[in-house]
């Protein structure tokens with residue numbers, strides 16, 4: 001089968017997928033930057049540079065680079081039209097769109113009955129300062145778009161919070177605040193690939209952030225039925241068949257769903273679980289391609 005991977009040519013994940021394909025599948029790299037769509041009598045065709053994406057078996061989304069509102073909307077629309085034309089897109093455009101937007105993802109998680117930190121989203125420093133107080137004066141300020149702990153700040157001082165809020169307001173940013181959940185320095189990452197579930201526990205005794213990219217250590221573990229059910233409900237809430245779900249055990253003995261990543265990484269998880277995650281992903285994509293044809 002022929003799969004297009006939307007990602008950087010320097011991406012480790014592109015190389016890992018090409019390795020795992022091992023002659024069984026053809027892997028072609030493409031970028032969002034060169035995405036082009038044409039509408040005519042023959043229908044809608046989508047390409048990236050010289051790659052005709054309308055004629056491949058599947059498209060794997062491995063990045064979501066920053067862009068203007070118009071660029072992001074066009075990218076999602078182009079992916080959606082590829083799906084409508086019968087090309088398998090993993091993850092689907094609606095899932096990527098929902099998961100990349102922290103406000104929308106958190107709202108969907110809450111609507112699915114999952115426990116999330118109390119969250120406030122606003123656009124002015126004055127509103128953010130009011131929300132800061134309402135959330136207990138100990139908040140985590142996050143960029144609305146972003147992952148791997150980049151741009152995340154914990155604020156406990158009102159004066160520093162006000163300065164941060166004013167700066168972001170001047171930049172035209174949306175202010176996304178969550179109450180800080182006291183925890184024991186670890187969280188859980190469950191990776192769902194269709195029906196397959198892999199899990200690791202991440203610990204960071206030196207930082208309240210538990211991302212491996214920020215120095216946390218990881219270890220594999222076998223999640224119980226409750227954790228698997230939480231992760232499945234979280235992934236389903238945004239419509240992502242391949243998803244990384246972050247679950248935080250709080251000191252209050254509650255499990256909080258922090259994030260659903262629709263472009264999940266697996267480098268650390270593959271190392272600690274000793275699983276060929278890239279091969280599992282390709283096998284799932286191949287099964288998704290075959291499913292509509294056999295129905």
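Bear in mind these aren't lab numbers, they're just calculated from the coordinates by the rules spelled out. A quick note: this is a predicted structure, and the numbers were derived from the prediction, not measured. With ideal geometry, Cβ positions are generated from the backbone for all residues, glycine too; neighbour counts draw on all protein chains shown.
Roughly what % antiparallel, to the nearest 5, for the DSSP beta bridges in the chain? Working shown, then result.
Details: 44 of 56 bridges.
Of all bridge pairs located within the chain, approximately 80 percent are antiparallel.
How far is helix 69-84 tilted off the main Cα axis of the chain, in degrees rounded to 10, range 0 to 90?
Long axis of 69-84 versus the principal axis of the chain: about 40 degrees.
Once label points are set 7 Å from the Cα along Cα→Cβ at both residue 115 and residue 255, what is their separation, rounded to one decimal in nm?
Distance between label points: 1.0 nm.
Is the shape of segment 32-73 rounded, prolate or oblate, going by the alpha carbon gyration tensor and its root eigenvalues a ≥ b ≥ c, with a/c under 1.5 for rounded and a/b larger than b/c for prolate?
Details: a/c = 2.32, a/b = 1.38, b/c = 1.68.
Cα axes put segment 32-73 in the oblate bin.
Starting from the Cα gyration tensor of segment 184-288, take the square roots of the eigenvalues, sort them a ≥ b ≥ c, and report rounded, prolate or oblate (rounded when a/c is under 1.5, otherwise prolate if a/b is larger than b/c, else oblate). Before the final figure, lay out each step's value.
Numbers: a/c = 2.00, a/b = 1.37, b/c = 1.46.
Oblate, since a/c reaches 1.5 and b/c is not below a/b.
Using only the Cα atoms of segment 2-90, each taken as one equal point scatterer with no solvent, compute I(q) by the Debye sum, divide by I(0), and report log10 of the ratio at q = 0.15 Å⁻¹.
Per q value, in the given order, log10 I(q)/I(0) is -0.54.
May I ask you to order 152-159, 233-240 by the average number of other C-beta atoms within 10 Å around their residues, highest value first?
Details: 152-159: 13.2, 233-240: 22.6.
Sorting 152-159, 233-240 by mean packing, highest first, produces 233-240, 152-159.
Sorted by average packing, counted as other Cβ atoms within 10 angstrom per residue and highest first, what order do 174-184, 61-71 take?
Values: 174-184: 18.5, 61-71: 13.4.
Put in order of decreasing packing, that is 174-184, 61-71.
Any idea what angle helix 277-294 forms with the longest principal axis of the chain, computed on alpha-carbon atoms, 0 to 90 degrees, nearest 10?
So the helix axis and the longest Cα principal axis differ by about 60 degrees.
Given a cut-off of 15 Å, what percent of all Cα-Cα pairs of segment 104-162 lie beyond it? Intermediate values should be presented prior to the final figure.
Working: 943 of 1711 pairs.
Counting every Cα pair in segment 104-162, those more than 15 Å apart make up 55 percent.
So how tilted is helix 12-21 from the main axis of the chain? Cα-based, degrees 0 to 90, rounded to 10.
40
How would segment 220-280 be classified by its alpha-carbon gyration tensor: rounded, prolate or oblate, with rounded meaning a/c under 1.5 and the a/b versus b/c comparison settling the rest? Intermediate results must be reported in sequence, preceding the final value.
Working: a/c = 1.97, a/b = 1.34, b/c = 1.47.
Oblate shape, in that a/c is at least 1.5 and b/c is the bigger or equal ratio.
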